Every structure is written in C-alpha cells, then in structure tokens.
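Working notes, structure below.
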Amino acid sequence: MRNFYLLITGLPCSGKTTLGKRLYEALVQRDISLELLDGDKVRESISKDLDFSRPARIENSVRVVNRARDLMDKGTACILSMVAPYSEARLRARKIIGEGFVEIYFDVLLETCEKRDVKGMYKRARNGEIKNFTGIDDIYEEPLNPDIRIRTDILGIDESIVKIERFLLENFFIAEAKLKI
Ligand SMILES: Nc1ncnc2c1ncn2[C@@H]1O[C@H](COP(=O)(O)OS(=O)(=O)O)[C@@H](OP(=O)(O)O)[C@H]1O
Ligand SMILES: Nc1ncnc2c1ncn2[C@@H]1O[C@H](COP(=O)(O)OP(=O)(O)O)[C@@H](O)[C@H]1O
C-alpha cells in the first residue's frame with residue numbers, strides 16, 4: 001500500500017471538517033496510521049501567530065506541508081482539511097509531497113455555504129466585521145483538475161466517504177477491508 005496526503009480543500013462551510021472527521025474514522029478502521037490536521041485546529045497550534053492575509057495563508061500551507069512531510073516520513077498518512085484557497089500554494093504542496101498527494105475539492109456553491117454558515121462567519125464578513133474572508137472579499141481559486149471532486153450539496157456524507165475510499169482503493173492507497181470472521 002502507498003502512503004497518502006489527502007488535501008480536502010473548499011470554501012468555509014463546504015463540509016471539510018465534518019467529512020474530514022468521518023473519513024478519518026472510516027480509514028483508521030483499516031488499521032492505517034493516520035493523522036487528521038484540520039484548519040481550525042492548525043490555527044490554534046502551529047499557525048497560531050498567522051492571520052488570513054495572502055502571505056500568512058501561504059505560510060500556513062508551508063507549515064502544514066512540513067508537518068505532514070515529517071509524519072509521512074515516519075509512515076503516517078495525513079488528511080488535511082483546510083480552505084487552501086490559492087492554487088500556487090496547493091501546487092507547491094503537490095510538488096513537495098509528490099506521489100501520494102491527493103487533492104479533494106469540495107465543490108459547493110458559495111450561496112449554499114453561506115446558507116449553512118455554521119459559525120456565523122459569513123454574516124460577520126458581510127457586515128464587514130471580518131476582513132479577507134474567503135468567498136466574500138478574498139479569492140478562492142477553484143482547483144481545475146482535482147483528483148476527486150465532491151459536490152457536498154448533492155452527495156451525502158456516507159456517499160462522499162464511499163467515493164473517496166473507492167479512489168484510494170483503485171489507486172492502491174488502501175486495501176480491501178479485511179473480513180472479520
Ligand atoms: N478571513 C478568513 N477567511 C477564511 N476563513 C477564516 C477567516 N477568518 C477566520 N476563518 C476561519 O478559519 C478557518 C480556515 O482556516 P484555514 O487555515 O483552513 O485557512 S487557509 O487555508 O489558511 O486559507 C475557517 O474554518 P472552516 O469554516 O472550517 O473552513 C474559518 O472558520
Ligand atoms: N455531504 C456533506 N458533507 C459534509 N458536510 C455536509 C454535507 N451535507 C451537509 N453538510 C453540513 O454542512 C456543514 C459543513 O460545516 P463544516 O464541516 O464545519 O464545513 P467547513 O469545515 O468546510 O467549514 C455541516 O453543518 C454539515 O453537517
């Protein structure tokens with residue numbers, strides 16, 4: 001089996017945290033050594049000092065890649081659920097990680113994400129209380145050629161997990177689950 005770096009990228013409220021957690025739970029069942037690095041958590045730890053300016057988001061991406069690289073060198077696969085809005089930073093991550101980099105784009109309309117507004121941040125961004133908010137006054141550069149594209153407004157959580165697991169199976173990142181006798 002091959003080690004992997006799954007980057008789940010998409011607008012705020014596209015479902016990254018929810019699906020990242022569920023995917024983690026599904027994959028650890030297969031006895032894979034795995035770490036989940038979620039954007040919100042990363043920003044409370046290794047990226048605590050960074051804001052949401054373009055250079056800071058790029059620096060955030062560099063730190064996450066370095067952390068994941070260290071983990072992967074020790075045989076641990078990684079799921080990264082983060083906005084990762086800039087193609088430049090995603091491309092750099094792909095180059096650094098090389099084989100095993102899988103880009104999963106949560107392709108959801110801004111209107112849908114804004115309606116979900118789990119933490120009320122879109123509302124605050126619309127009111128001008130948060131600056132440089134992705135989708136409102138900061139750009140999200142859509143991945144043009146993601147390895148997996150998921151419309152979380154159409155596909156349910158379980159179906160999305162199946163789609164990702166199928167890709168991982170077909171590309172030899174994971175094996176068929178062992179039958180428990
Ligand atoms: N200005 C601005 N733009 C986007 N997001 C913001 C911003 N300020 C705070 N937040 C909250 O931080 C979460 C995104 O952090 P990330 O580290 O994933 O972003 S990035 O990849 O560095 O762009 C993101 O969490 P998710 O909703 O889980 O995506 C937001 O809750
Ligand atoms: N197919 C889906 N996958 C993930 N989340 C979904 C899906 N359908 C609806 N949702 C809902 O969308 C919201 C997404 O929030 P969250 O996971 O915090 O997104 P993000 O981490 O991208 O900001 C949650 O309330 C979740 O229940």
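The values are calculated or read from the model by the stated rules, or taken from the named source; none is laboratory data. Please read all numbers here as calculations on a predicted model, not as lab measurements. All Cβ positions, glycine included, derive from the backbone under ideal geometry; neighbour counts span all protein chains shown.
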Problem - Neighbours by Cβ (under 6 Å, 6+ apart or cross-chain): first from region 81-92, more than 12 Å from ligand 2 (Cβ to nearest atom) and of a type outside the set (Phe, Trp, Tyr); second modelled with pLDDT of 95 or more and in a helix (DSSP H, G or I) - result: 89/58; 89/61
Practice task
Of the numbered conditions (1) touching a helix residue (DSSP H, G or I) at 6+ places or on another chain (Cβ under 6 Å); (2) surrounded by fewer than 12 Cβ atoms within 10 Å (Cβ to Cβ), residue 174 fails exactly one; give the number of that condition.
Solution key: (2)
Exercise for the section: Please work out if residue 106 is surrounded by 13 or more Cβ atoms within 10 Å (Cβ to Cβ), within 29 Å of residue 165 (Cα to Cα), modelled with pLDDT of 95 or more and of a type in the set (A, V, I, L, M, F, W, C). Expected result: yes
Practice task
Could you please let me know if residue 149 is assigned to a strand (DSSP E or B) and either closer than 27 Å to residue 89 by Cβ or of a type outside the set (A, V, I, L, M) (or both)?
Solution key: yes
Fill in the blank from the handout: Of the conditions (1) more than 13 Å from ligand 2 (Cβ to nearest atom); (2) β-branched (Val, Ile, Thr); (3) at pLDDT 95 or above, the single one that residue 32 does not satisfy is (3)
